[in-house]
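Let me begin by presenting the structure, written as structure tokens, before commenting on it.
No lab work stands behind these numbers, since they all come straight from the coordinates. Keep in mind it's a predicted model, so treat the numbers as computed, not measured. Ideal geometry is used to build each Cβ from the backbone, glycine not excepted, and the neighbour counts take in all protein chains shown.
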Amino acid sequence: MAVAPRGACRLLWARPLAVGSGLGLLAGAVALVNPFEHHLWPPCPLHAMTGLWCPFCGGTRAVWALAHLRLRLMLHENALLPLIVVVVAWGWAAWLGRATGRWRLPDPRGRTFDLVMGAVLLAFVVLRNLPWLGVLAPLAKP
């Protein structure tokens, strides 16, 4: 049985911690710069070409609203954000647990998960682009 090199344990922590730090820095940058007043990224290509809202349209504004505890505004900009946050946090915690060996969470990845998330994203796209469900379309101003 091969023994892992002495520094290998720290290397296993490096990737999940780097990704978590990067996500934290991005969220912090969005929290500091109001995306309702300043465009942080180019507009969504799908929306620019077709006028349709993708499942992530309004996501930057929703993160800003969440960081400022404006929950109603967050849900209006992107009602899917709470689900996205939970899924990303669960996946990251499962990854960190596997890397460190300190805990085991069920891994959310897999065929069933992919199919369910694909169906949720597709349903959200359809629903938020229906004229009578305009409440799901991003507001784009506070």
Review point. Measuring from centroid to centroid over Cα atoms, what is the spacing of the range 96-118 and the range 123-137 in Å?
Key: 30 Å
Review point. Can you sort LEU17, LEU71 by how many other beta carbons sit within 10 Å, fewest first?
Key: LEU71, LEU17
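Would you mind ranking MET49, MET117, MET74 so that the residue whose beta carbon has the fewest other beta carbons within 10 Å leads the list?
On the way: MET49 8, MET117 15, MET74 21.
In increasing order of surrounding Cβ atoms, one gets MET49, MET117, MET74.
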**Study point:** Cα radius of gyration and Dmax for the chain (Å)
**Key:** 18.4, 63
